[in-house]
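I have placed the structure first, in the form of structure tokens, so that the comments after it can refer back to it.
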DNA sequence: TTATAAATGCAACTCTATTGCATTTTATTT
DNA sequence: AAATAAAATGCAATAGAGTTGCATTTATAA
Ligand SMILES: [Mn+2]
Ligand SMILES: [Mn+2]
Ligand SMILES: [Zn+2]
Ligand SMILES: [Zn+2]
């Protein structure tokens, strides 16, 4: 993605333009799989760990990234499609490969039927995580 | 649950009978909400933290407990219904209350239609996490 | 260009979880 | 009941993920 587009994206999400943010956003654009803080630390050794953490937080806060639930360990993040500063709104699911450990957003729309909850439970949102073997791993 | 029942349950799952395991298993039986290591540390100060961790691991390994995916922070565990040493098999969903932070297993069966995945992705299992307000919080 | 607010780097710190090893306990065999 | 082998426990040290405070630098707007 072009430099000017990245910049516009940051501005649209009310974020100041900094080297770190530009580089991290570009990195996300270039990768289909979800990204961990570890990935960023390895890739961007010129930035402090804390700055990378704060970059992820500001991106999440302002609707550029969403945190993807995982069993534990390190959190992973995926690019948002249509979220903004005001609110996140997602309806896609996530795929976690048990072979290579990668996680990715799956955009093929899935009908998630409103869950049947017991009385007095109010649903706000739903996360669906599919576990299995990803395309890359299944072809090896 | 009776002492003899707890004991039988441990034996059925190929686990040796120890004080810590008996107490922890009983604790899980008495609680409907998912339990964190923090809960156990607070409750069972007579056992070392490491022992509690190892208890959770052995229970998970042997089909007594399942780990419930969470955004991050500390892991939580729920009692298994019909799992054994050989394998876990779950088809229930989890409810996470955004007000009190609790997580619990929801047993009302939910039709989770096989997700439409892109080519060459193989699904093995699926986790559904519903976020919202739990019954206790909604009545306050 | 200057002023203000925000972002960064660094060090220290907290919290969660794991590992190694000596000791104790459990289950099994005699 | 006593001896044995295997497993569980406690303790200390270590590792890893993430956060906080503060001085310095940078981005934006006046
Ligand atoms: Mn996603
Ligand atoms: Mn459950
Ligand atoms: Zn894979
Ligand atoms: Zn609640």
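Things worth noting here:
- When the stretch B:69-93 is filtered for residues that are more than 9 Å from chain A (Cβ to nearest Cβ) and either touching a helix residue (DSSP H, G or I) at 6+ places or on another chain (Cβ under 7 Å) or surrounded by 14 or more Cβ atoms within 10 Å (Cβ to Cβ) (or both), the ones remaining, listed by number, are B:76, B:77, B:78, B:79, B:80, B:83, B:84, B:88, B:90, B:92.
- In the stretch B:31-46, the residues that are surrounded by fewer than 18 Cβ atoms within 10 Å (Cβ to Cβ) and not in a helix (DSSP H, G or I): B:31, B:32, B:45, B:46
- Checking each residue in the stretch A:55-68 for being surrounded by 17 or more Cβ atoms within 10 Å (Cβ to Cβ) and more than 10 Å from chain B (Cβ to nearest Cβ) picks out A:55, A:56, A:58, A:59, A:60, A:62, A:63, A:64, A:65, A:66.
- Only one entry in A:54, A:21 is part of a helix (DSSP H, G or I) and under 17 Å from residue B:72 (Cα atoms), namely A:54.
- Residue count for the stretch A:70-102, restricted to those that are within 16 Å of DNA strand D (Cβ to nearest atom), within 15 Å of residue A:56 (Cβ to Cβ) and in a strand (DSSP E or B): 4
- Subset of the stretch B:57-69 (residues that are under 15 Å from residue B:16 (Cα atoms) and not in a helix (DSSP H, G or I)): B:62, B:63, B:64
- Scanning the stretch B:99-115 for residues that are modelled with pLDDT of 75 or more, within 9 Å of chain A (Cβ to nearest Cβ) and surrounded by 14 or more Cβ atoms within 10 Å (Cβ to Cβ) gives a single hit, B:106.
The values are calculated or read from the model by the stated rules, or taken from the named source; none is laboratory data. Nothing here was measured: the structure is a model prediction, and the numbers come from that model. Please note: Cβ atoms are built from the backbone with ideal geometry, for glycine as well, and neighbour counts cover all protein chains shown.
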